[in-house]
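Trainee: There's a structure below that I have some questions on.
The values are calculated or read from the model by the stated rules, or taken from the named source; none is laboratory data. Model, not experiment: these values are computed from the prediction. All Cβ positions, glycine included, derive from the backbone under ideal geometry; neighbour counts span all protein chains shown. Please note that ligands, DNA and RNA were not included when accessible areas were found on the heavy atoms of the full protein model with its side chains. Shrake-Rupley method; radii C 1.70, N 1.55, O 1.52, S 1.80 Å.
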Amino acid sequence: MLDAASANPTVKGLYIGGQWTPAARTFEDLNPSDNSVYARIPDCTVADTRRAIEAAHAAFPAWAGLPFHKRANALLKIADAWEANQDRFVAAAMHEGGGWLGKGKFEAGYVSEVFRSAAALCYQSTGEVLPSEHGKFMTATRWPLGVVSVISPWNMPGILTSRGFAAALAAGNTVVLKPSEDTPYAGGLYFAEILEEAGIPAGVFNVITCSRESVGEVGDEMIENPLVKAVSFTGSTAVGRHIAAKAGAHLKKACVELGGKDSMIVLADADLDHAARAANFGSFMHQGQVCMSTEKLLVQDSVYDDFMSRFLPRAAKLKTGHTNDPNNVIGPLVNTRQAQRVKALIDDAVARGAKVELGGKAWDNFVEPTVLTHVDSSMDIWHDETFGPVVIVCPFRDEDEAVALNNDTEYGLTAAVWTQDEARALRLAGRLETGIVHVNCQNINDEPHVPFGGVKASGYGRFGGNWGIAEFTELRWITLDRGGRHFPPVF
Ligand code: NAD
């Protein structure tokens, strides 16, 4: 709950089996705008993690056995409780997450729709009736798995946490959520308050929080515990690889949504004004800390100067500073480690010959919107996801070169293509190695009912719509024999 006089929340403890339980230790959760202490957060142990998993396991049969309209109604109640408390989430996203007011409002509005669309999924778990060589009545139907471990990131703590578990709950699973140590309240304990208010039965949804120091052993338990049947992970490729490998070793399902190094391709016949506005949003929204951020702007050489003359002045208008001031559209990077990493990537590129067209200044946890040109593949910034307010602009001659530059990355989350020729755009989209392509829009797009996910090192599995249900259910073949199956007489 938010104290009336301040933006700091009252943290009630871990949320296990419908009870708030204090942990033996806590860790500091900082406001990245000034590194002040935002909250003290429970730093759970492996024993706490086991208790949460056992509570979720105990709650599973009753939740899975509910008539599906009751699960749908429960999800609608979550949406209502979320909506009624939106201002509290916005405050947390600003002060804990370092986000601009507009970003917090957008996120808050989106999350209720994630739950409403999950409620609709409860009515759509369709199976198939299959033909049989032996006259059997045969079905292929989806069944809930049991306990799903959900591990979420900090950059969109509302959307990416809710997206990680809403379909799992709709399908009849129960959940143990561990949010990021950078947004343990907005992405975790706040959800526990909302689901408690919505009257979700005890144990169906549990939240544990831990520090970066404890996450190795807590994370391992969330995957290896035999009661856990699947993992829903959104985060970096490095951690995602570890999680997917561990889940694979235990033959458990995993949906892993990871990093990106996404390009926007601007062809010569594009609406350049519109493309420049979109590029500004795609590159700098939430300081570039979005998995789908536009990290590479690929512009056809014949319109390169024209595009830059529209793009740079727009980007120059974005103000950087403390999120207390809503005029600061560019807030801090989420922590000092991340701010230093982004600065180091810029410095390395400049030392190797990149040119700073805009920005480049950094102080405390802030980095100004920065536009770099003359970047080549010898520089780390060409390959590494910056996850900061930095975009590379690179000219190309023709479609073949644009495709090659787009695909020159281990990642494959989204791409954007700008042209007035839709047939050309669709042809090009087929050659781009990404899970998602947007024509005449920037890269950052999501809707609750679409198959969201990447290819290559951007992960596997899809959140959204019935694809989300498929991730968090088992497909089973069940047959009914009607005397048509004959055996050799020797038996
Ligand atoms: P991260 O991988 O550092 O952390 C993600 C989560 O994993 C956090 O909850 C963290 O505590 C947890 N974690 C860390 N080590 C762990 C371990 N050993 N075992 C279990 N859990 C562990 O990522 P982040 O910095 O929070 O998020 C930024 C990254 O996430 C970026 O790479 C971004 O592109 C990616 N991301 C991807 C998507 C997508 O949908 N594809 C969306 C948002 C963010």
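Trainee: Below 10 angstrom from the Cβ of Arg424, what's the summed charge of the other residues (Lys, Arg +1; Asp, Glu -1)?
Mentor: It works out to a net charge of -3.
Trainee: Nearest 20 debye, what's the magnitude of the dipole of region 262-439 about its Cα centre given +1 on Lys and Arg Cβ and -1 on Asp and Glu Cβ?
Mentor: It works out to roughly 640 debye.
Trainee: Sort the following peptides by mean Cβ neighbour count (other Cβ atoms within 10 Å, averaged over residues), highest first: 190-197, 119-126.
Mentor: 190-197, 119-126
Trainee: Might you report the magnitude of the Cβ-based charge dipole of the chain about its Cα centre, with Lys and Arg at +1 and Asp and Glu at -1, to the nearest 20 debye?
Mentor: Details: 44 positive and 58 negative charges, 288 e Å.
The calculated dipole for the chain is roughly 1380 debye.
Trainee: Follow-up question, since we're still on this one. Around Thr174, what is the net charge, scoring Lys/Arg as +1 and Asp/Glu as -1 over all other residues with Cβ under 12 Å from its Cβ?
Mentor: +1
Trainee: Which of the pairs Lys105/Lys343; Lys136/Lys253; Lys296/Lys355; Lys261/Lys361 have their Cα atoms more than 20 Å apart in this structure? The partial results should precede the final answer.
Mentor: Working: Lys105/Lys343 28 Å; Lys136/Lys253 30 Å; Lys296/Lys355 15 Å; Lys261/Lys361 22 Å.
Violating the 20 Å limit, Cα to Cα: Lys105/Lys343; Lys136/Lys253; Lys261/Lys361.
Trainee: Give me the percent relative contact order of region 232-300, please, defined on Cα pairs under 8 angstrom at least 6 residues apart.
Mentor: Over region 232-300, the number comes to 34 percent.
Trainee: For the chain, give me the percentage of DSSP beta bridges that are antiparallel, rounded to the nearest 5 percent.
Mentor: Among the beta bridges of the chain, antiparallel pairing accounts for roughly 45 percent.
Trainee: Counting pairs of alpha carbon atoms under 8 Å apart in space and at least six apart in sequence, what relative contact order in percent does the chain give?
Mentor: Working: 1166 pairs, mean separation 88.5, N = 491.
Answer for the chain is 18 percent.
Trainee: Calculate how many DSSP beta bridges within region 262-439 are antiparallel, expressed in % of all such bridges and rounded to the nearest 5. Walk me through the numbers on the way to the answer.
Mentor: On the way: 5 of 27 bridges.
Approximately 20 percent, going by the DSSP bridge assignments.
Trainee: Using helices alone, I'd like the mean residue ellipticity at 222 nm for the chain: each DSSP H run of four-plus residues gives -39500 (n - 2.57), total over residue count, nearest 500.
Mentor: Calculated at 222 nm, the ellipticity per residue is -11500 deg cm²/dmol.
Trainee: Same structure, new question: Averaging sequence separations of C-alpha pairs under 8 Å and six or more residues apart, then dividing by the length of region 1-126, give the relative contact order as a whole percent.
Mentor: Contact order relative to length: 23 percent.
Trainee: Taking the Cα centre of each part, how many Å lie between region 436-491 and region 254-296?
Mentor: 28
Trainee: Would you mind telling me the share, in percent, of accessible area of the chain contributed by carbon and sulfur at probe 1.4 angstrom?
Mentor: It is 55 percent, rounded to a whole number.
Trainee: Could you give the C-alpha radius of gyration of the chain expressed as a fraction of 2.2 N^0.38 Å, taking N as the number of residues it contains?
Mentor: Taking the Cα Rg and dividing by 2.2 N^0.38 Å, one obtains 1.03.
Trainee: What whole-number value in Å² describes the accessible area per residue of the chain for a 1.4 Å probe?
Mentor: 40
Trainee: Students often check this: by mean Cβ neighbours within 10 Å, which of 238-251, 166-179 ranks highest, and how do the rest follow?
Mentor: 166-179, 238-251
Trainee: Which net charge results when you count Lys and Arg as +1 and Asp and Glu as -1 among the other residues whose beta-carbon is under 12 Å from that of Ile200?
Mentor: Net of charged neighbours comes to 0.
Trainee: Separate question: By per-residue mean of other Cβ atoms within 10 Å, what is the highest-first order of 365-377, 26-38?
Mentor: Highest-to-lowest ranking by the protection proxy: 365-377, 26-38.
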